[in-house]
Amino acid sequence: MVLLVIITGLSCTGKSTIGKQLAEKVGLTLFSRDRIKDILFDHFGVKDRDWSLKVGAAAYSIFYYEIEELLKGGSSAVVETNFNPKYDNAKILELQKKYKFDILQILFKAKGDILFQRFKKRSESGERHPGHCDHLNYEKFRSSLLMGRCEPLDVGGELVKVDTTEFSEVNLSQLEDSIRRHLKTDQE
């Protein structure tokens with residue numbers, strides 16, 4: 001069995017940063033939809049919010065294409081984005097029927113006011129690719145970020161919930177152990 005580690009949560013919960021650390025620690029490939037989107041912005045340019053949404057849709061297609069190629073080849077991976085059960089449940093379940101893999105889903109959440117502050121700070125810091133047009137989305141994302149969490153995918157497997165309100169309190173070793181336990185089980 002192959003393992004698909006799904007890292008999900010709202011914006012600014014630490015998915016990319018923690019996902020990268022975990023993938024490196026356990027020796028798995030990390031696929032990030034935002035990273036694909038950034039590459040597309042670099043290649044095709046930055047415009048407005050509508051353009052960002054179009055690039056995001058293309059990144060989503062590439063993201064799932066790459067995941068399927070890994071699974072087809074029998075490789076485990078860590079994948080991170082703000083998965084939406086409305087769209088992603090069916091996609092993951094379809095892949096699971098085709099390729100039979102184990103799922104470890106890690107759902108990040110944090111206090112809503114902290115997420116909204118992080119979102120604004122990240123947007124204004126210049127660290128995020130300008131193509132995302134985050135500075136134009138404060139009001140659009142305010143209500144969802146203030147909720148502090150999103151729903152997990154309904155795709156089976158183990159679900160681990162992690163509060164990232166204080167990044168210093170996130171137990172990376174415990175998450176790494178969960179991934180290694182699944183990988184070990186898969187190899188037996």
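Things to note:
- Of all lysines in the structure, those lying under 16 Å Cα to Cα from K25, and not within fewer than 8 positions of it along the same chain, are K15, K184.
- Ascending count of other beta-carbon atoms within 10 Å, so fewest first, for K111, K140: K140, K111
- Working note: Cα atoms of the range 2-187, range along each principal axis, descending, whole Å: 46, 37, 28.
- Our summary gives the range 37-163 a relative contact order of 37 percent, counting only alpha carbon pairs under 8 angstrom and 6 or more residues apart.
- Calculation over all alpha carbon pairs of the range 78-185 in 5 angstrom steps from 0 returns a P(r) of 2, 10, 16, 19, 19, 16, 11, 6, 1, 0 percent.
- Placing unit charges on each Cβ (+1 for Lys and Arg, -1 for Asp and Glu) gives the chain a dipole about its Cα centre, and among L4, Q105, S125 the Cα reaching farthest toward its positive end belongs to S125.
- Per residue, the convex hull volume that the Cα atoms of the range 3-63 enclose (Å³): 97 Å³
- Remark: K15, K47 ranked as K47, K15, counting other beta-carbon atoms within 10 Å and listing the fewest first.
- Distance between the range 114-131 and the range 135-156 - C-alpha centres, whole angstrom: 15 Å
Each value in this text was obtained by applying a stated rule to the coordinates, not by laboratory testing. In this text, all values refer to a predicted model and were calculated from it rather than measured experimentally. Here the Cβ is made from the backbone with ideal geometry for all residues, glycine too, and neighbour counts use every protein chain on show.
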